[in-house]
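*Asks:* Sharing a structure below in structure tokens format, with a few things to ask.
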Amino acid sequence: MTAAAASMGVAARRGGAGFSLGPALVIPATLLVLAFLGAPMVLLFRYSLNRYSPRDFMIDAVTFENYVRFFADPYFIGVLGTTVQVAALCTLVSVLAAFPVAYLLARTDSRWKSALVIAVVFPLMVGNVVRAAGWMALLGNDGAVNATLRWLGIVSEPIRLMYTPFAVILGIVAVVLPYMILTLQSVIESIGRDVEEAAANLGAGPMTTFRRVLLPLSLPGIIAGGTLVFILCMNAYATPVLLGGPQFKMMAPALYDQFARTTNWPFGAALAFILMTSTLVLTLVGTTLLARRMHYRKLDAAAR
């Protein structure tokens, strides 16, 4: 018995078939996720199958009329379309704006690198509402941007910047940009500098090196960061409400209105599931297409 116990202990220490802490740690975490995330989602889906009554609030039923109402209403279809367009555009702008910064952070050997990373992370410590209030102070008719333009004599009347899609996209990009920068930085740091140097030695210019070497190798970071950013943009709430105004509708504010203002919980629950499903489907389609493109580029490079 003593020898058997000792051999099991040695096997466990060596990573063999002995005792492992993996299941002991994974099972409680899985149960917590199911309890605090899965159960409310199941309950919310059940609400989406009920009927709404102004007098009785919610009537138990099993019907898909809330989903039918959404897809039969051009207004809500337009809200979903606006949400997808804003999220896609914000994701694209975030990738384009984040890549130079991420490259600089990944390649710099300056002693100020830690300070630069902290500067990127620092906005995440400020709430979205506070940041949106800052943009309101900048973009308002009497804000800093219009005041500067009038002082320079460029305009005589304030330019309408607030309560526009431009303000919403600018505010959302400012929120999600640090996530994109940090994701790309970690991927670019894993790409050896000797790869770029080898391309330069073979006669490739900076743009050719970026297009043929750096961009394909950093595509996993673009996929990961773009997925995270797209999900955050699809579910943005505070920024569209504060910077877009009551006329600019996205899915998250629309479903909040159903829960808080009209108290139509069944339809609000249906909106929540439509938003979640749309986000998941679009994310899977986008990542699959990018992954296939990356795979074909690798095959093409290997063939050459």
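Values in this text are rule-based calculations from the coordinates and carry no lab data. Since we're looking at a predicted model, the values are computed, not measured. Neighbour counts are summed over all protein chains in view; Cβ atoms, including those assigned to glycine, are modelled from backbone coordinates with ideal geometry.
*Asks:* What number, in percent, do you get for the relative contact order of the range 63-199 if the mean sequence gap of Cα pairs under 8 Å and at least 6 apart is divided by its residue count?
*Replies:* That works out to 35 percent.
*Asks:* What net charge do the residues around Ala204 carry, taking every other residue with its C-beta under 11 Å from that of Ala204, with Lys and Arg at +1 and Asp and Glu at -1?
*Replies:* Local net charge: 0.
*Asks:* Related question: Taking the highest mean first, how do the peptides 158-170, 50-62 order by number of other beta carbon atoms within 10 angstrom per residue? Walk me through the numbers on the way to the answer.
*Replies:* Details: 158-170: 18.2, 50-62: 12.2.
Descending mean neighbour count gives 158-170, 50-62.
*Asks:* Which order, highest average first, do 104-115, 178-189, 134-145 follow once you tally other Cβ atoms within 10 Å for each residue and take the mean per peptide?
*Replies:* Going from most to least packed, we get 178-189, 134-145, 104-115.
*Asks:* I need the P(r) histogram for the chain: all alpha carbon pairs, bin width 10 Å from 0 out to the longest distance, whole percents.
*Replies:* Values per bin, smallest distances first: 5, 18, 23, 23, 17, 9, 3, 1, 0, 0.
*Asks:* Which trypsin sites (Lys or Arg not before Pro) in the range 167-272 pass both tests, a DSSP loop state and at most 12 other beta-carbon atoms within 10 Å?
*Replies:* Taking the range 167-272 and a limit of 12 other Cβ atoms within 10 Å, the loop trypsin sites (Lys or Arg not before Pro) found are Arg261.
*Asks:* Specify which residue in the list Gly245, Gln85, Ala198 is farthest towards the positive end of the charge dipole of the range 61-303, using unit charges on the beta carbon of Lys, Arg (+1) and Asp, Glu (-1), about the Cα centre.
*Replies:* Most positive-ward Cα: Ala198.
*Asks:* Going highest first, how would you order 67-75, 219-227, 81-89 by mean Cβ packing within 10 Å?
*Replies:* 219-227, 81-89, 67-75
*Asks:* Could I ask something else about it? Name the helices (complete DSSP H segments) of the chain with a Cα length along the long axis of 27 Å or more and a Kyte-Doolittle mean of at least -0.5, or state none.
*Replies:* Length and hydropathy pass: 74-107, 165-189, 265-303.
*Asks:* Okay, next question. Grab the DSSP H runs of the chain that are 4 residues or longer, score each as -39,500 (n - 2.57), total them, divide by all residues and round the 222 nm result to the nearest 500 deg cm²/dmol.
*Replies:* Roughly -23000 deg cm²/dmol at 222 nm, from the helical runs in the chain.
*Asks:* Stretch Ala35-Thr108 to full length: gain in nm at 0.36 nm per residue minus the Cα-Cα span? Don't jump to the answer; show the numbers that get you there.
*Replies:* Working: separation 73, 0.36 × 73 = 26.28 nm, distance 4.47 nm.
Stretched fully, the Ala35-Thr108 segment lengthens by 21.8 nm.
*Asks:* Quick one: among Val155, Val117, Val173, which has the greatest mean-square fluctuation in a GNM of the chain with alpha-carbon springs under 10 angstrom?
*Replies:* Val155
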